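First up is the structure itself, then whatever we jot down about it.
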Amino acid sequence: MRAIYTKYGIDFSLEENQIITLVVENPRVMNDMLRDLFKQTNGEEGGWILSEQDKIFPLDKISLLVDNPLTVDCNEKKILTKLYKELSEQTKTISYEDYTQLNADIVSFLDRL
């Protein structure tokens, strides 16, 4: 997946479990970038493009901007939906035996509480 900021020609690749460090030394440029990112994650227009194989994704549909991790509401529907989807996909890759054993262990643990 690629992230592109058209206003300043910034283009970088996003990969799962990879941290990207983007150093912006000019405060005005940083402000422009963050303002556009905030606007786009709220459904407005901006200069960011998120794409994969010639398909452009709207930021408000597939992303969540966490500007302060200490204030994240873990019960927010958007976060829970993405988490459940990811967990569902992960369980499909686990063998059925392992899945049923894990399920039984969880039920047993909850019974002991």
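When the charge dipole of the range 73-113 is built from unit charges on Cβ atoms (+1 for Lys and Arg, -1 for Asp and Glu) and taken about the Cα centre, the candidate among Ile79, Val107, Gln90 whose Cα reaches farthest toward its positive end is Ile79. Charging the Cβ of each Asp and Glu at -1 and of each Lys and Arg at +1, and nothing else, the dipole of the range 1-67 about its Cα centre rounds to 140 debye. I need to check one value: relative contact order of the chain, counting alpha carbon pairs closer than 8 Å and at least 6 residues apart, in percent. Computed value for the chain: 19 percent relative contact order. Cut-off 17 Å, label point 7 angstrom out along Cα-to-Cβ of Glu76: give me the residues of the range 29-48 whose amide nitrogen falls inside. Zone members listed by number: 34-44. Once the chain from Gln90 to Phe57 is taken as fully extended at 0.36 nm per residue, the excess over their C-alpha distance is 9.6 nm.
For the range 73-113, the Kirkwood estimate of the hydrodynamic radius, built from every pair of different alpha carbons, is 11.8 Å.
Between Ser108 and Phe12, what is the spin-label point distance in nm, taking each point 7 Å from the Cα along the Cα→C-beta axis? Placing both labels 7 Å beyond Cα along the Cβ direction yields 4.6 nm.
Read the figures in this text as sums done on the coordinates, not as results from a lab. This one's a predicted model, so the numbers in the text were calculated from it and none came from an experiment. Positions of Cβ are generated from backbone atoms using ideal geometry, with glycine treated the same way; all protein chains shown enter the neighbour counts.
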